[in-house]
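Q: Dropping the structure in here first, questions after.
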Amino acid sequence: MTESARRIASDAEGFILEAEDRRAIAHERDHYEQPQAACIEALKIVQHRHGWVPDAAIPAIAEVLGVGPADVEGVATFYSLIFRQPVGRHVILVCDSSSCFLNDYEELRDTLSERLGIGFGQTTADGRFTLLPVCCLGACDRGPALMIDDHTYGPVDPGDVADLLEGYA
Amino acid sequence: MSASRYHCQLRQGAAERRAETHPLTWRLREDGAMLGLDDYVEKDGYAAVREVLNHRTADDVIKTMKEANVRGRGGAGFSAGLKWSLTMKGPDIPRGYLVCNADEMEPGTFKDRLLLEQQPHLLIEGMILAGYANDSCFGYIFLRGEYLEAARAVQQALDEARAAGWLGPDIAGSGFDFDIALHTGAGRYICGEETALINSLEGKRANPRDKPPFPGQSGAWGKPTVVNNVETLCNAPGVMHHGAQWYQDLSGDLSDDGGTKLYGVSGKVNKPGLWELPIGTPASELLERAGGMRDGRALKTWLPGGGSTGFLLPEHLDEALDFDTIGKLGSRLGTGLMTVVNEDQSVLSLMRNLEQFFARESCGWCTPCRDGLPWIVKLLQALERGEGERGDIEMLDKLADDLGPGKTFCAHAPGAAMPLQSALKYFRDEFERGVTHPAGVAHAEPIPVGEA
Amino acid sequence: MATIHVDGQRYDVEGSDNLLDACLSQGLDVPYFCWHPAMGSVGACRQCAVKQFKDEDDTQGKLVMSCMTPAADGTRISIDDEQAREFRASVIEWLMTYHPHDCPVCEEGGHCHLQDMTVMTGHDRRRYRFRKRTHRNQYLGPFIAHEMNRCINCYRCVRFYRDYAGGTDLGVFGMNNNLYFGRHQEGTLESPFSGNLSEVCPTGVFTDQTHSEQYTRKWDLQFAPSICHQCAVGCNISPGERYGDIRRIENRYHGEVNRFFLCDRGRFGYGYVNRDDRPRQPEWRSDRDDAWVTLEVDAALDHGADRLRSARRVIGIGSPRASLESNHQLRELVGEEAFSTGIAAAEQRCLDEMHSLNQRCGLPTPTLREVEHHDALLILGEDLIESAARVGLAVRQAAQARRETLAAERDIPAWNDAAVRTLGQDRYHPVFIAYPIATELDDVTAARFTLAPDDIARLGFAVAHEIDDKAPAVAGLDPATREAARDIAAQLMAAERPLVISGGSLGCEAILQAAGNVARALARRARRGGVLLVRREANSTGLTMIGGKPLEWALDELASRRADAVVILENDLYQRLPATLIDVALATAETVVVLDHQRTATWAQAHLGLPAASFAEADGTLVSLEGRAQRFFQVFDPTYLRPATRIHESWRWLHVLRGDIRRHPVADIALDAVTRDCARANPALGAIVDAAPDADYRVHGLKLAREPHRYSGRTAMRAHLDVSEPRVPQDPDSPFTFSMEGYNGIGRPREEVAFAWAPGWNSPQAWNKFTDEVGGHLRAGDPGVRLIAPSPGAHAYATSIPEGFRGRDGEWQLVILARLFGGDETSSRAAPIVARAAPATLAVAADDATRLGVDDGDRLEITGQAGSLTLAVRREATLPGGVVGLPAGLAPVLVAGEWVRLAVSRGGGGDEGGHS
Ligand SMILES: Cc1cc2nc3c(=O)[nH]c(=O)nc-3n(C[C@H](O)[C@H](O)[C@H](O)COP(=O)(O)O)c2cc1C
Ligand code: SF4
Ligand code: FES
């Protein structure tokens, strides 16, 4: 079973909002006038643990925040950094905005695509990488830029891609 | 060679940066590391807070800010002092919020990141002053989710400041209570639009809100709310410390506007980067500091301040980069970070790229933006593939016009329309070359399945 | 008032409106989508753009969204301006880029707001040549069908569903042009107002699924103005018929009652009209052991008349779900002394109490529209969403209206919906609810009290005492309740228009008396308040005004042989009292004549069954809970497509039967005469003759059309029966014709509008053309007459205050909880309502359940005086201990208020709701 398939399977078995996450969400709630404000942070907390936000997490978060599940899903599907599908162990965000575009971003994108055998929005069969486009990463002085997990790289020459990916098992 | 981790860096050495002339960056460490509380305080940090909170009234702060005419660095150039003077205050009005817009996502913009990562205390100081002026009860720094380095720096600075009594109850013994929380986003360019930002802060979908009522009347949770850009707020300590006149004088004869600006250059230049320069510095100087065009290619066109500003030509390089001058040229100063396009690069393709961005980032609230932009993208793609039809360019003209200011719900779509309109004006031939079909004749599906 | 200039013309408009509203109110056409008269403006669709000019000299002008621009005095705009027209055409063009081009086969075609606006803006050519994006649809339950590909992203559905109606399970997902309006996962829409989506949606994303299953174009439906018969609120409806079946029910605008919205019971509960098993011909058997034979009308009447003539004493049992006219005719037939209302005594006592309070408590009853303007509400013993859903929706608006007040203080106009919500947040006008369990309005309440009925009454009495210390004090009140009463009293007194709502749902007179005391106290303290009392059935109020003996009396008369014949009008007695009592009474009677449109358990006991007309085939008058007499009109002639049918209005049957009994050959009678008779015989009902125009009402000498002018297929629809088309049925009872020939315009104001259509406006938005201003009143006046007004003067307080509720060992007090789906007699016979109704369960307080060792789904046998029931358990955290709750609509084995025993039932046996 591939990594992502395993994750989907485990999700189908039922979702439990861990007590620790529940506490973290409750803590976030206190920063704001209304509990709904912690919604994005709550989604991030769940995503931090599971890699993505499984369907069953939506009503669970809604319950903690005292809002409707439709509110939570409405938010979850609006923001690009909330993943409503399983992703790989590492998420590559490739800046596709104008400055990087002018610095040959398309070449970088194609190299990544070829190397990983996936396009944007897809995950490699081994569950290692997910490839996504991202808005201007604010690294325009060193484009083309990309982000893998917590780190931003730039400029990334297509020739550097192989080495760069090596670092992410 | 392997790709290196990105770290943002100002292109000016310590020698050039002085307290009197570089209010935003003079304290920055040469190594680019974050300036901690001790270093910051040692370099006059929080002096303005101590002085203002204890000795000056909120109205006084606003008056000084108005005189200094610090124009919003988020792109619209609205006077911060004037905005603050419109915030509702009074016995019947609840204390509201002060929100720092640190959602920097404008294509070609990488300035707020520098201040956030390397000098968060300056921002905090600015926010305390703004909070005081606007009688805010609490502040939020709305930081884009991808700026993880900045999040660490800001969080550290907030903790340091709180521990040192610069945040929390009774700041500097003044009786003023104010604290700040870091709120990180989850993507989406539209969150930078100030009212969408407020909705996002409230944990909702980031659809903008109609104005009036302005956030200063009814913002976050219906309370008076002030939203300012990082750089705008970072100007407040200097203004309050040195006065409005000093601020005005910073730009000398270069501009009617006062102060300095974080300018930058990206694109195929030799030394892309970021500089703090007097506002009104001409683009030619920036280009020069950036080491000129790479590989000896000629400059074809440039965007003065991000993807939502209009194209300018090489002949405009000597104009002052300030709000009014660039405005008169039919563009906008925007964020003041210029993007250059060289003679080999296609404006049509760049436009397609930009419109894909704007179409994808449309919040989906209003019709022209939500449904007009994807149409623009498809027309541009068709032209780019040489599959345009007669009438497509006129259609683009019309769409650009229909997406202009006042017709859409917020400024996102006009931001997408402006570069298109100017591209059609200056580089119409590039678009015309893509028209190969008569109107209405059936031809191959121009958009492959799956991409539509 | 403000003067605005539109394309050079001056108009006097309401200055507090936005320009769109103001223009539409003037009859000007401005296209729009995201705006809705009941929901205000959000400026999303950009369809309503007009050109605004600074002053007379400004020729340039700029585009503004008329829905987001105040109609300030001196405003100058142009709708006709070329740039504005072009922009509006662009907007439609964008909206249509992804919209299917399938109007001819789309269900919404012909009453589609998008179609109307597309024509209005002149968009007729597709220039977008690229691929459309498509969506998958969701299953949303038995009421609403989903077709997301038609969506134009106007956001009206979520704004209605969530913001207006308080639903939480419909949302908008995704962003950019990939938006999705639906549920977070497939499943039945939870809101009891989901049906309004079919009218709120400007196109066909959310459609009436009960209609889809037997689809007919709007223009091919035959309509009549009607009144919903599914509860006592009296919402105005427009039922549409084709081929002898009701195909859908749409909202009929009434400026004081339902305005734009209906509840789902009313909209989707009509299926009983179309049931195959409906009696359509008279059925007869001389002895109950014989088999039924069907008879022609004359033979049936002869048999009936013979039996009744030879009876020693005939009594009549009326019905709160039948019209005034039918009840009146029955009373004429049997005589006042022999007339029973057909309502059980306990309920009738409550109804009488309510009627007397309405006359004597000193406060008037607000209309639904007025409810929305009350600024502090106390609700005693009603779960409004279950018992009178449309009132509940109005109460939600009343609570939310506080935001408009707050917004006004900051100069934010009431129509600026998003801004009003932002400023107001969750600040509501105070609403207090006392009911045994949580209710769907709890999210807007200031405080909720889940109490046993007697304690609800005590709270009410205490509030009255706090308002006016002349009202009796409650002995032995605990400090918390006193504190609560004080707070409620203070908030009611601080309000400008306090409102007390109560009703008969819990069958507890003490609660009504308590509500009466609160109302009297407010009246004495000179508050401009209101009182609204919820009755159960469509004509409960009207029948109470006619009066009669309770059902128990009638059963007793029969069982004790003081009467040997009974005529039962549209009433299934088995729904009202335990079967054992009814069986005995009917078995003892020599002659049982039943008139009904449903094959009920009571019908099964008849000697003679006469097929009565349902609301769809009848005219008549009902009195709603606000005391408004309203006429409903026959939608179609049941014999037109089913010639063998012998269905007639009950009042018509009874009129002829009466003549036959007396051997007077009688001429047919028309509605107006019966209504007049009824008014004459019941002075309190005197005004009902004015409830609607007489049968001889004409516009331009024309009767009113029941069919839209594009009605098609009339010659073909009977071709399988007879190739020659018969003359259209004549209608002696009303000003309407069974035809498209007749008046249906907007030029001559009329109260009774069968269907909303105006040139260019095929969708329900056409109602704007019939009102004096958008969201206002029908130009000819809203239909109906108010019959009840409070008489002024000091009125005595009720003084019998119950003891506080005390639980008993091994016994539980039974409360019957009103239920929207499954809780009323007729709509419970409609398949979609059955599908939607939650299974009947017994609500048990969580602690009690633990003590009994039962959990959700375990079965309990509930035993009372007259029998027992076995039901699955539902633990209710909010229910007070010592009380158990039974859903309304089950066989009446157990009686509200009685003490019952509970025993764990082993094995899977025992059918739900069945009695043993
Ligand atoms: C689509 C859109 C995106 C924006 N993004 C940003 C942003 O990322 N950062 C920012 O400071 N302002 C952004 N703005 C401008 C803000 O709406 C607002 O004008 C600004 O935060 C006000 O601060 P200032 O007056 O200090 O510039 C954006 C505006 C629009 C229309
Ligand atoms: S212009 Fe675009 S981003 Fe702005 S409200 Fe309209 S759809 Fe949203
Ligand atoms: S109706 Fe005015 S913008 Fe939609």
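The values are calculated or read from the model by the stated rules, or taken from the named source; none is laboratory data. What you see is a predicted model; the values in this text were computed from it and never measured. No Cβ is skipped: glycine too gets one built from the backbone with ideal geometry, and neighbour counts run over all protein chains shown. In case anyone asks, the SASA skips ligands and DNA or RNA and just uses the protein heavy atoms, side chains included. Shrake-Rupley method; radii C 1.70, N 1.55, O 1.52, S 1.80 Å.
Q: For the stretch C:417-482, compute Rg over Rh where Rg is the Cα radius of gyration and Rh is the Kirkwood radius from the inverse mean 1/r over Cα pairs.
A: Using Cα coordinates only, the ratio equals 1.12.
Q: Ok, one more. Which whole-number value in Å³ per residue fits the convex hull of the alpha carbons of the stretch C:432-551?
A: Dividing the Cα hull volume of the stretch C:432-551 by its residue count gives 136 Å³.
Q: Can I ask one more? Could you tell me what % of all Cα pairs in the stretch C:266-421 have separations over 29 Å?
A: Beyond 29 Å sits 49 percent of the P(r) for the stretch C:266-421.
Q: Okay, moving on. Return the lysines within reach of C:Lys769: Cα separation strictly under 17 angstrom, same-chain partners fewer than 8 residues apart disregarded; answer none if there are no such residues.
A: none
Q: Roughly how crowded by other chains is peptide A:64-70, in terms of the mean Cβ count from those chains within 10 Å of each of its Cβ atoms?
A: Counting Cβ atoms of other protein chains within 10 Å of each residue's Cβ and averaging gives 5.
Q: When all alpha-carbon pairs of the stretch B:190-261 are counted, what percent fall beyond 13 Å?
A: In whole percent, the share of Cα-Cα pairs in the stretch B:190-261 beyond 13 Å is 70.
Q: While we're here: Taking the Cα centre as origin and putting +1 on Lys and Arg beta-carbons and -1 on Asp and Glu beta-carbons, what dipole magnitude results for the stretch A:21-98, to the nearest 20 debye?
A: About 320 debye.
Q: Please work out the ratio of the alpha-carbon Rg of the stretch C:603-746 to 2.2 N^0.38 Å and round it to two decimals.
A: With N residues counted in the stretch C:603-746, Rg over 2.2 N^0.38 Å equals 1.19.
Q: Still on this structure: Rounded to two decimals, what is Rg over Rh for the stretch C:157-296 when you use alpha-carbon atoms and the Kirkwood radius?
A: We get a ratio of 1.11 for the stretch C:157-296.
Q: Now for a different question. As an exercise, take the mean of 1/r over every pair of distinct alpha carbons in chain A, invert it, and state the Kirkwood radius in angstroms.
A: Radius from the Kirkwood sum: 17.2 Å.
Q: Follow-up. Any chance you could list P(r) for the stretch B:3-77, counting all Cα-Cα pairs in 10 angstrom bins from zero, rounded to whole %?
A: 14, 33, 37, 13, 2, 0
Q: Quick check of the Kirkwood formula: for the stretch B:181-230, what is the inverse mean of 1/r over all pairs of different Cα atoms, in Å?
A: 10.9 Å
Q: Per residue, what accessible area does chain B have, given a 1.4 Å probe and all protein chains present, in Å²?
A: 32 Å²
Q: Next up: Can you work out D for the stretch B:237-376 in µm² s⁻¹ from Stokes-Einstein, where Rh is the Kirkwood radius over C-alpha pairs, the temperature is 10 °C and the viscosity is 1.306 mPa s?
A: D, rounded to a whole number, is 97 µm²/s.
Q: What span do the alpha-carbon atoms of the stretch C:657-733 cover on each of the three principal axes, reported in whole Å from largest to smallest?
A: Projected onto the principal axes, the Cα atoms of the stretch C:657-733 cover 47, 37, 19 Å.
Q: Another one. Give me the Kirkwood hydrodynamic radius of chain C, using the inverse of the mean 1/r over all pairs of distinct Cα atoms, in Å to one decimal.
A: Over chain C, the inverse of the mean reciprocal pair distance is 29.0 Å.
Q: How large is the translational diffusion coefficient of the stretch C:202-277 in µm² per second when you combine the Kirkwood radius over alpha carbon pairs with Stokes-Einstein at 10 °C and 1.306 mPa s?
A: 123 µm²/s
Q: Please compute the average number of Cβ atoms from other chains found within 10 Å of each residue's Cβ in peptide B:98-110.
A: 4
Q: Could you provide, to the nearest whole Å², the per residue accessible area of the stretch A:98-169 with probe 1.4 Å?
A: Counting only protein heavy atoms, the per-residue value for the stretch A:98-169 is 36 Å².
Q: From Cα pairs below 8 angstrom and at least 6 apart in sequence, can you work out the relative contact order of chain C, rounded to a whole percent?
A: Relative contact order, chain C: 14 percent.
Q: Something else now. Counting Lys and Arg as +1 and Asp and Glu as -1, what is the net charge of the other residues whose Cβ lies under 10 Å from the Cβ of C:Tyr435?
A: Net charge in that neighbourhood comes out at -3.
Q: With the contact rule set at Cα under 8 Å and sequence spacing of 6 or more, what percent relative contact order holds for the stretch C:479-615?
A: 16 percent
Q: Taking 2.2 N^0.38 Å as the expected size of a compact globular protein, what ratio does the Cα radius of gyration of the stretch C:780-864 give against it, to two decimals?
A: So the stretch C:780-864 has a normalised radius of gyration of 1.79.
Q: Based on Cα coordinates alone, diagonalise the gyration tensor for chain B, multiply each eigenvalue by 5, take square roots, and list the semi-axes in whole Å, largest first.
A: Those come to 39, 25, 19 Å.
Q: What whole-number value in cubic angstrom gives the convex hull volume per residue for the C-alpha atoms of the stretch C:689-750?
A: Considering the Cα atoms of the stretch C:689-750, their hull volume per residue is 99 Å³.
Q: While we're here: Suppose we keep just the alpha-carbon trace of the stretch B:183-305; what are its Rg and Dmax in angstrom?
A: When restricted to the Cα atoms of the stretch B:183-305, Rg and Dmax are 18.8, 55 Å.
Q: Sticking with this structure for a sec: Can you give the Rg to Rh ratio of the stretch C:806-916, both from alpha-carbon atoms, with Rh computed by the Kirkwood formula?
A: When Rh is taken as the Kirkwood radius, the ratio is 0.95.
Q: Then there's this: Taking Rh as the Kirkwood radius computed over C-alpha pairs, what is the Stokes-Einstein D of the stretch C:323-378 at 25 °C in a medium of viscosity 0.890 mPa s, expressed in µm² per second?
A: Taking Rh from Cα pairs, D becomes 173 µm²/s.
Q: Here is a further query. Work out the charge dipole of the stretch C:748-814 with +1 on the Cβ of Lys and Arg and -1 on the Cβ of Asp and Glu about the Cα centre, then indicate which of C:Trp761, C:Pro802, C:Leu778 is farthest towards its positive end.
A: C:Trp761
Q: Placing +1 on the Cβ of each Lys and Arg and -1 on the Cβ of each Asp and Glu in the stretch B:127-221, which of B:Gly173, B:Ala196, B:Ala157 has its Cα farthest towards the positive end of the resulting dipole?
A: B:Ala196
Q: In Å², nearest 100, what accessible area do chains B and A bury in total when the solvent probe is 1.4 Å?
A: Counting both chains, the buried surface is close to 4600 Å².
Q: Quick check: convex hull of the Cα atoms in the protein assembly as shown, volume per residue, rounded to a whole Å³?
A: Per-residue hull volume (Cα only) is 200 Å³.
Q: Right, another one. Rank by packing, highest mean first: peptides C:322-328, B:122-128, with packing defined as the count of other Cβ atoms within 10 Å averaged across residues.
A: C:322-328, B:122-128
Q: Taking the Cα atoms of the stretch C:729-810, report the difference between the largest and smallest coordinate on each principal axis, in whole Å and largest first.
A: Its Cα atoms span 67, 44, 34 Å along the three principal axes.
Q: Average partner chain C-beta neighbours within 10 Å, per residue of C:161-174?
A: Counting other chains' Cβ atoms within 10 Å and averaging over C:161-174 gives 4.
Q: Here's a follow-up. For the stretch A:81-169, what is one quarter of the convex hull surface built on the Cα atoms, given in nm²?
A: Over every viewing direction, the Cα hull of the stretch A:81-169 projects on average to 5.2 nm².
Q: How large is the dipole of the protein assembly as shown about the Cα centre if only Lys and Arg carry +1 and Asp and Glu carry -1, each at its Cβ, rounded to the nearest 20 debye?
A: My answer is approximately 2220 debye.
Q: Cβ neighbours within 10 Å, averaged per peptide: list C:546-553, C:511-518, B:227-234 in order, most packed at the top.
A: My ranking of the peptides, most packed first, is C:511-518, B:227-234, C:546-553.
Q: Please label the shape of the stretch B:40-134 as rounded, prolate or oblate, based on the square roots a ≥ b ≥ c of the eigenvalues of the alpha-carbon gyration tensor (a/c under 1.5 means rounded; beyond that, a/b larger than b/c means prolate, else oblate).
A: oblate
Q: What is the packing order of peptides C:644-654, C:208-218, C:609-619, taking the mean over residues of other C-beta atoms within 10 Å and listing the highest first?
A: C:609-619, C:644-654, C:208-218
Q: If the chain between A:Glu114 and A:Arg49 were fully stretched, how many nm would it gain, using 0.36 nm times the residue separation less the Cα-Cα distance?
A: Gain in length upon complete extension: 20.4 nm.
Q: Once the dipole of the protein assembly as shown is set up with Lys and Arg at +1 and Asp and Glu at -1 on Cβ about the Cα centre, which of A:Ala19, A:Cys135, B:Pro23 lies farthest towards its positive end?
A: Of the options given, the answer is A:Ala19.
Q: So, one more: Give me the accessible area of B:Val347, 1.4 Å probe, in Å² rounded to the nearest 10.
A: 0 Å²
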